[in-house]
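What follows is one structure encoded as structure tokens, with my remarks underneath.
The values are calculated or read from the model by the stated rules, or taken from the named source; none is laboratory data. All of these numbers come straight from a predicted model, not from anything done at the bench. Reconstructed Cβ throughout: ideal geometry from the backbone, glycine too, with neighbour counts over all protein chains shown. For accessibility, only protein heavy atoms count, side chains too; no ligands or nucleic acids. Shrake-Rupley method; radii C 1.70, N 1.55, O 1.52, S 1.80 Å.
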Amino acid sequence: KLDKHLRDHLHQYEGYTSEQYVGRARALLASKTSDDVLGFENDRGWRFRYDVKANDLAIGRPGKVISTLFKPDEGMEYWYEQVKLFADKG
């Protein structure tokens, strides 16, 4: 799966190696939320982080599994769609 993500998204991270891409995903997923890093975890244990300034969206699953890291074309609009779809409604 990593190879597919690298094919799909590594071009968005010019000059990054695959190790740097994974490192960026890990760092963003480990970040605390702030004005610059939006985020939530849902009841299934999925973690979502969005770096507003860098336009980086990272999604992780339980067990510290990286699901994806990419720069959404729609930026904040895409982030808010993820919130609507995956944040707990309670």
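A few remarks follow.
- Counting the residues of the range 31-60 that are among the basic types (Lys, Arg), farther than 24 Å from Glu14 by Cβ and at pLDDT 95 or above gives 2.
- The range 53-65 residues that are closer than 20 Å to Trp79 by Cα, paired with ones that are of a type in the set (Lys, Arg) and open to solvent by less than 10 Å² (accessible area, probe 1.4 Å) (beta carbon under 7 Å, 6 or more apart): none
- Filter result (open to solvent by less than 50 Å² (accessible area, probe 1.4 Å) and farther than 13 Å from Glu41 by Cβ) within the range 72-90: Pro72, Gly75, Trp79
- Scope the range 3-43; condition touching a residue at least 12 places away in the same chain (Cβ under 8 Å), of a type outside the set (Lys, Arg) and open to solvent by 60 Å² or more (accessible area, probe 1.4 Å); matching residues: Asp8, Thr33, Asp35, Asp36, Asp43
- Filter result for Thr17 (β-branched (Val, Ile, Thr), modelled with pLDDT under 95 and within 11 Å of the chain's Cα centre (by Cα)): no
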